[in-house]
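Here the structure is laid out as structure tokens; the discussion comes afterwards.
The values are calculated or read from the model by the stated rules, or taken from the named source; none is laboratory data. Note that the coordinates shown come from a computational prediction; the quantities given were computed from them, not determined experimentally. Neighbour counts are summed over all protein chains in view; Cβ atoms, including those assigned to glycine, are modelled from backbone coordinates with ideal geometry. For accessibility, only protein heavy atoms count, side chains too; no ligands or nucleic acids. Shrake-Rupley method; radii C 1.70, N 1.55, O 1.52, S 1.80 Å.
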Amino acid sequence: QVQLVESGGGFVQSGGSLRLSCAASGFTFSMWRMSWYRQTPGKERALVASISSTGDNTNYADSVKGRFTISRDNAKNTVYLQMNSLKPEDTAVYYCKKAFSALWGQGTQVTVSS
């Protein structure tokens, strides 16, 4: 079954950290660029970070540069998002996505309190 399953969301205080994971199955994970998006109520999903198939190229939204790090383990078919120095405005549902496709995970809620 082709799917993406996110985990690792939760509730954290401002300044704290969380690591999100996205486990992929049903396709050749190591061949695909992967991305993390986030969405808040009433807004479009916005790109947070993406990583090339080999992991040697990454890019980030300006709002998270220097705080978030995207990485991947192709042996485990998993992409990660390490989130440090979290702010209340990072509160959102976070989704992983297989690039250039319509495959999304179910999302994981991240809530940052002030």
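Details
- K76 closer than 19 Å to Q3 by Cα and out of contact with any Cys (no Cβ under 7 Å at 6 or more places or on another chain): yes
- The residue of segment 33-78 that is nearest to A102 (Cα to Cα), among those that are of a type in the set (D, E, K, R) and under 11 Å from the mean Cα position of the chain (by Cα), is R38.
- Those strands (runs of 3 or more DSSP E) lying entirely in segment 1-40 with at least 3 residues open to solvent by less than 50 Å² (accessible area, probe 1.4 Å) and at pLDDT 95 or above: 18-25, 34-39
- A residue that is out of contact with any Ser or Thr (no Cβ under 6 Å at 6 or more places or on another chain), basic (K, R), at pLDDT 95 or above and surrounded by 17 or more Cβ atoms within 10 Å (Cβ to Cβ) occurs nowhere in segment 58-65.
- Matching residues in segment 43-53 - criterion: being assigned to a loop (DSSP other than H, G, I, E, B) and surrounded by 11 or more Cβ atoms within 10 Å (Cβ to Cβ): R45, S52, S53
- Pairs are defined by a Cβ separation below 8 Å, a sequence spacing of at least 6 or placement on different chains, a first member in segment 52-66 that is in contact (Cβ under 8 Å) with a residue 12 or more places away in the chain and at positive phi, and a second member that is assigned to a loop (DSSP other than H, G, I, E, B) and surrounded by 10 or more Cβ atoms within 10 Å (Cβ to Cβ); the pairs so defined are G55/N74.
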